[in-house]
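One structure is given here, and the rest of the page talks about it.
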């Protein structure tokens, strides 16, 4: 019986361990509601909610190139409950900018 319980526990730990601690990426298509380059945030909306997205260190210097009220397709990393999503990449769908595509390290 002890071996059966041990085998069950190891199976459960093996199934759950890949999901624990792994960040999840999510794509969001949204209007740019507000861009704050000084604080490193943008405000977007998705699923009927308006929320802040924190820029990654690589993305932060390029935030000032984003037009207010443009449409943007972003990839964010969902983080712990108390932390805002982290902006990883973007592709500007509408609006004028010298940084229409940010691939995670540089503007194109």
Using eta = 0.692 mPa s and T = 37 °C, Stokes-Einstein with Kirkwood Rh from Cα pairs puts D for the range 23-102, in µm² s⁻¹, at 267
Per the rule of 0.36 nm per residue minus the C-alpha distance, extending residue 69 to residue 103 adds in nm 10.1 nm
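By count of other Cβ within 10 Å, fewest leading, how are 50, 76, 35 ordered?
50, 35, 76
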Between residue 83 and residue 34, the two model label points (7 Å from Cα along the beta-carbon direction) sit apart by a distance in nm of 2.3
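Determine, from the Cβ-Cβ distance of residue 93 and residue 24 and an R0 of 25 Å, the FRET efficiency 1/(1 + (r/R0)^6), rounded to the nearest 0.05.
On the way: r = 23 Å, r/R0 = 0.92.
Calculated transfer efficiency: 0.60.
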Packing-ranked peptide list from 99-106, 55-62, highest mean Cβ count within 10 angstrom first, is 55-62, 99-106
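Every read-out reported here was derived from the displayed coordinates using simple, explicitly stated rules and does not represent laboratory data. Just so we're clear, the structure is a prediction, and the values are computed from it rather than from any experiment. Positions of Cβ are generated from backbone atoms using ideal geometry, with glycine treated the same way; all protein chains shown enter the neighbour counts.
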